[in-house]
Amino acid sequence: MIEPADAIRARRRLTNRFIAGREAARLGPVFLPATVVIAGDGSVITGREAMLAAFAGQFADPGFDGYVRTPERIEVDTAGQRAAELFGVEIERCAR
């Protein structure tokens with residue numbers, strides 16, 4: 001059986017590919033309908049549709065260069081129902 005943290009890392013690699021390709025719609029299945037994400041700026045995004053809208057907004061920005069996110073650490077709760085990806089200060093920016 002795959003460990004939850006390994007599954008999360010695999011999913012992160014997939015989302016990085018979708019981000020690089022500016023494919024907001026393909027990110028839909030990654031998020032639960034009631035997903036809650038705390039963005040890098042501290043804002044809270046609630047719900048799959050709001051997440052997809054946030055990505056679509058980023059991708060529509062002509063200055064968007066893309067990025068690759070690789071968590072330094074993944075913490076999974078004891079029940080295996082929730083997890084948090086913890087990132088360092090730097091997120092690798094992609095060159096155009």
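The values are calculated or read from the model by the stated rules, or taken from the named source; none is laboratory data. This structure is a prediction, so every number in the text was calculated from the model and none was measured. Here Cβ is always computed from backbone atoms with ideal geometry, including for glycine, and neighbour counts include all displayed protein chains.
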Subset of the stretch 31-45 (residues that are more than 20 Å from residue 87 (Cβ to Cβ) and either among the β-branched types (Val, Ile, Thr) or over 13 Å from the mean Cα position of the chain (by Cα) (or both)): 33, 34
Scope the stretch 53-73; condition modelled with pLDDT of 90 or more, more than 16 Å from residue 17 (Cβ to Cβ) and under 16 Å from the mean Cα position of the chain (by Cα); matching residues: 53, 54, 56, 57
Pairs with Cβ under 7 Å, 6+ apart, first in the stretch 17-43 and among the charged types (D, E, K, R), second surrounded by 12 or more Cβ atoms within 10 Å (Cβ to Cβ) and not in a loop (DSSP other than H, G, I, E, B): 22/59; 26/18
Close pairs (6 angstrom Cβ cut-off, 6 or more residues apart or separate chains): under 21 Å from residue 26 (Cα atoms) in the stretch 1-15, of a type in the set (Gly, Ala, Ser) anywhere: 8/83
